[in-house]
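Just below is one structure, and these are the notes that go with it.
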Amino acid sequence: MFTFRSALRMAEIVIEPVPLPALHASHAGTWVRDANGSTRESSKGEAIMAAADTPVLLLNAPLVATRLGYPDLSGLDLLELYAFVHPARFCVPTPKGLADALSLEQPTSDDAVPLLLQKAAGALLQTCEKQDWAERDGAWSTLQSLVRLRWPWAQVLAPHIARPEQAEKWLFSKLPEWEETPERPQPASVVLSESEVEGQLEYLTGAGAERREGQRSYAKAASKVFAPRRERGQPHVLLAQAGTGIGKTLGYLAPASLWASASQGTVWVSTFTKNLQRQLRGEARRAWPERRADGTRPVVVRKGRENYLCLLNLEDALQGGFGGRPAIMAQLVARWAAYSQDGDMVGGDLPGWLGTLFRKRAIASLTDQRGECVYAGCPHYRKCFIERAARASAQADLVIANHALVMVNAARGRDHAQRPTRIVFDEGHHVHQAADSTFAAALTGAEAIELRRWILGPERKSKGRRRGLAARLADVASYDEAGGAAVEAAVAAAQALVSDGWLQRLHDNEPYGPIENLLAAVRALTYARDESANGLSGQEAGYGIETEVADLPGKLIQLAQEAMGALTEIRAPLVKLGVRLEAIVEDAPDWLDAQGRARIEGARNSLAWRIDLLAAWESMLNRLGGPADPEFVDWFAVDRSDAREFDVGIHRRWLDPMKPFARIVLEPSHGVMLTSATLTDRSPDGADWDSAVQASGAPHIEVQPQLSAANSPFDYANRAEVLIVTDIKRGDLPALAGAYARLIEAAGGGVLGLFTAIRRLRIVHGRIADRLARAGLPLFAQHVDPIDTGTLVDIFRDDPKASLLGTDALRDGVDVAGDSLRCVVMEAVPWPKPSILHRARRAANGGSSYDDRMIRARLAQAFGRLIRSKDDAGHFVVLSSAFPSRLLSAFPDGTPVIRLPLEEALQRVASGVSGLDQPLPAKDNLQS
Ligand code: SF4
């Protein structure tokens, strides 16, 4: 049959491979192809020599360098060329992914990859010559800069990109400006009837869609949170347990879209993972058009400002702020910015792999990480992606955000009118975790130096625009004497904060200044009291160590008092400055136009944030040596990775972070829904609603949440099996690695391997990756491959033969329906990490039953990766000889659970059939 795809394949026939040598390295071996010759398998040494002699084509240079064990490898990376030719277009960074993105024939074996690289280069260069190249605009100008920067591709590309007849517009004049919009009135009070909600659900699911009772009752329950509030501080709260596959997204979008349309208000849906954000964006199209008649967007995705490109930082990087490779990256980012939908650099349309090709930190430094934005004082203010997103969300019917942003906005949002009042927390089981980090406080070296830089700006001869407080508020200082004096006092006091080289000074026991003195004492005490050297983690293993804040030496308490005094000296002038700024806004001088006012408002906001931070630090220090506050857990920590220290400090967490969540997020809201497939614990006695209610925070504001539950429609009994492998001894790493390899072979790939320790993950990967690659089963791993997690999941999803190993982030961040995920293998029961914080919470929440709840939740989340649609089937394997029966209720009702030796498990996995289609083993081994 003649299809569009086959037409493209025919088009491929005329693509000339580029006559440049090409190199491909996988765990199975290394292949080199001469410029015009044949492909041969080579040794790693030979490949490195070939790459050193002449520029070679390769795909994902950092990954190839890791495979060859030669970090300095460089060449003509196809991914860089792709980012130049097709900025803001998706591409899975593998040979297969590149072939698909360019409509080329997929390579069927490793030795076919070098030729593919030559063809891919040819296809991309040909694109540059085509009249209809969609991303031509700006390419010639950028290329001229890249020639000057000696980008390896520049000379290759130059003959293929014609000079435009008219001068190309500079990025910063090309981007559209956002427009001021009037404030929305407050939402009208609306009561949704059940029949309206049902009708809307039917409309969204489409005519002829199967009628799902679970989804209907879920949608009706969800509509209750949109009812008018009866009492101030008493929002409607709904806890909705929604089994996988009930269609919960459309279930809550049905009442949400009705309410938004009738009330002219905004609903916020908050997620924990980017995956769900992406999915929501798609589902929301059923309820809202892409744009309204006036051109505005009814649905917007909103993220924290640190996710977006800051145009001022980019301009600075393009004009000499960056040198070497980061300067090349800045040019590629500028290409992307011209085509990006929303300027989101983290999880948006900037390829996740671009950062790892260059330096992750270079990407981060193009965002507004430290809140140095000068708002209306910025020449790009009217084109700023962050400002555009903020304005769009104020006008939207639906804002898709994440838990952290919703909480940060509620805690220290700039604009009260924009605070969300109707919120759906999807992936609601993560709200606790997000609240825990949002409301935490930490006085560490890294945090303190951030504050110093925010106040003082760059202190060495550094290029760039980064400026301190004095420079940012120079006009205020010249106009207002008291404000100017406050800035000067803050700058002088900030000298007490830690400065560059502090880690080394702490290591050498030569701290400088009151904060470093305190951190040196904290570090010394943490090492003195650490007892983990003989255990599984701690000093010996090179990971972080910690100690409780108890029975502190007098000297340390004295140092804490001195540090507290120093912090107060910084905070006092900042408070004064805040008062002066407020006075200037209220009694505005002639020169203060709307933009100036916006800038001062912005400065007040970031000032308030720093004042709160300093106050939290002071309160933490004040407590040292005094009686412990039962609301909080405090500890000292030295953070390390691979035995290298990277931070030292004092930490404070709420014992129950849902307490501040209730006050800051729930109380001011009108309606809040928490929903998830794992909201309640599935204890052996059934769903445990009491813990779910307690964990929601609602009791802290004396609200009784409404409860709803809808079971998954999936046929777990016939589509899934839990296999508990009983003959792999704990701690036997060769056996563990062997079991992983054999399970992956038996499944033919498509395995997601979950680990609780990075060290074991690396050992297992190191032992089995080569063997699997030789069998045509590629294995990727977090913490091993130089690829970001989102891209690793894209690679895994794209190749049904690939397997992926990872830790926590993969346990519930992976949504891979279909054939690519056929088996989940957990290395062990996911016991909680025995930290000081965990011990305190365990003691406060019922001891071992708290641990059990936590483990069951983790198991349920991990199991949830396996069956994403009604057609999915697969095995969930736990390599644990001692899996407690009380944890088995974590799995959905009816799922067969079998304890068996590895050999039998392999047979069941290899047969590729799950559930009751296979004869079940003897009854003794079956668990219910
Ligand atoms: S307004 Fe702020 S965040 Fe936006 S481009 Fe300017 S400095 Fe960057």
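The values are calculated or read from the model by the stated rules, or taken from the named source; none is laboratory data. Keep in mind that this is a model prediction, so the values were computed, not measured. Don't worry about glycine lacking a Cβ; one is built from the backbone with ideal geometry, like all the others, and counts go over all protein chains shown.
Quick notes on this structure:
- Among the residues listed as Ser691, Ser669, the single one being away from the ligand (no atom under 16 Å from the Cβ), in a helix (DSSP H, G or I) and at negative phi: Ser691
- The residues of region 27-48 that are surrounded by 20 or more Cβ atoms within 10 Å (Cβ to Cβ) and of a type in the set (S, T, N, Q) amount to a single one, Thr30.
- Test: residue in region 122-133 that is among the aliphatic types (A, V, I, L, M) and either surrounded by fewer than 20 Cβ atoms within 10 Å (Cβ to Cβ) or touching a strand residue (DSSP E or B) at 6+ places or on another chain (Cβ under 6 Å) (or both): no
- Here Ile328 meets the list (1) β-branched (Val, Ile, Thr); (2) under 28 Å from Trp151 (Cα atoms); (3) within 14 Å of the ligand (Cβ to nearest atom) almost entirely, failing just condition (3).
- Test: residue in region 304-311 that is surrounded by fewer than 23 Cβ atoms within 10 Å (Cβ to Cβ), closer than 22 Å to Ala389 by Cβ and touching a Phe, Trp or Tyr at 6+ places or on another chain (Cβ under 9 Å): no
- Within the option set Asp639, Asp656, Asp629, being at pLDDT below 95 and either in contact with a helix residue (DSSP H, G or I) (Cβ under 8 Å, 6 or more places away or on another chain) or in a helix (DSSP H, G or I) (or both) holds for one residue only, Asp629.
- Looking across region 136-171, just one residue is under 23 Å from Cys384 (Cα atoms), hydrophobic (A, V, I, L, M, F, W, C) and surrounded by fewer than 17 Cβ atoms within 10 Å (Cβ to Cβ), and that is Trp170.
- Any chance Glu315 is over 30 Å from Leu76 (Cβ atoms) and within 12 Å of the ligand (Cβ to nearest atom): no
- A single member of Gln234, Gln264, Gln241 is away from the ligand (no atom under 16 Å from the Cβ), of a type outside the set (Phe, Trp, Tyr) and either within 24 Å of His429 (Cβ to Cβ) or buried (at least 24 other Cβ atoms within 10 Å of the Cβ) (or both), and it is Gln241.
- Listing of helices (runs of 4 or more DSSP H) fully contained in region 98-210 that carry 2 or more residues being within 30 Å of Leu777 (Cβ to Cβ): 113-129
- Filter result (of a type outside the set (A, V, I, L, M, F, W, C), assigned to a helix (DSSP H, G or I) and either crowded, with 21+ Cβ neighbours inside 10 Å or within 16 Å of the ligand (Cβ to nearest atom) (or both)) within region 332-345: Arg335
- Within region 800-825, the set of residues being assigned to a loop (DSSP other than H, G, I, E, B), in contact with a Ser or Thr (Cβ under 8 Å, 6 or more places away or on another chain) and surrounded by 22 or more Cβ atoms within 10 Å (Cβ to Cβ) comprises Ala802, Asp812.
- When region 584-610 is filtered for residues that are over 38 Å from the mean Cα position of the chain (by Cα) and in contact (Cβ under 8 Å) with a residue 40 or more places away in the chain, the ones remaining, listed by number, are Ile584, Pro589, Trp591.
- Tallying residues that are touching a helix residue (DSSP H, G or I) at 6+ places or on another chain (Cβ under 8 Å), of a type outside the set (A, V, I, L, M) and touching a residue at least 60 places away in the same chain (Cβ under 8 Å) within region 322-339 yields 3.
- Cross-chain or 6+ apart pairs with Cβ under 8 Å, region 360-383 first and within 14 Å of Tyr308 (Cα to Cα) and basic (Lys, Arg), then near the ligand (Cβ under 9 Å from one of its atoms) and not in a loop (DSSP other than H, G, I, E, B): Lys383/Leu311
- When Leu581, Leu624, Leu567 are screened for being under 23 Å from Asn409 (Cα atoms) and buried (at least 19 other Cβ atoms within 10 Å of the Cβ), only Leu581 passes.
- Qualifying residue in region 673-696 (condition: closer than 17 Å to Ser437 by Cα, under 28 Å from the mean Cα position of the chain (by Cα) and crowded, with 17+ Cβ neighbours inside 10 Å): yes
- Search result, residues across region 98-121 that are of a type in the set (Gly, Ala, Ser) and surrounded by fewer than 20 Cβ atoms within 10 Å (Cβ to Cβ): Ala101, Ser103, Ser109, Ala112
- Check on Ala828, surrounded by 18 or more Cβ atoms within 10 Å (Cβ to Cβ), touching a residue at least 60 places away in the same chain (Cβ under 8 Å) and either in a helix (DSSP H, G or I) or polar (S, T, N, Q) (or both): no
- Scanning region 624-651 for residues that are closer than 19 Å to Ile570 by Cβ and not small (Gly, Ala, Ser) yields a total of 2.
- With respect to the conditions (1) part of a loop (DSSP other than H, G, I, E, B); (2) within 12 Å of the ligand (Cβ to nearest atom), Pro289 lacks only one, and its number is (2).
- Subset of region 737-792 [in a helix (DSSP H, G or I) and on the phi > 0 side of the Ramachandran plot]: none
- Test: residue in region 191-209 that is at positive phi and out of contact with any Gly (no Cβ under 8 Å at 6 or more places or on another chain): yes
- Among (1) over 27 Å from Ala99 (Cα atoms); (2) out of contact with any Pro (no Cβ under 9 Å at 6 or more places or on another chain); (3) not hydroxyl-bearing (Ser, Thr, Tyr), the one test that Leu157 misses: (1)
- Candidate set from region 295-312 (those that are more than 14 Å from the ligand (Cβ to nearest atom) and of a type outside the set (Val, Ile, Thr)); member that is modelled with the highest pLDDT: Pro298
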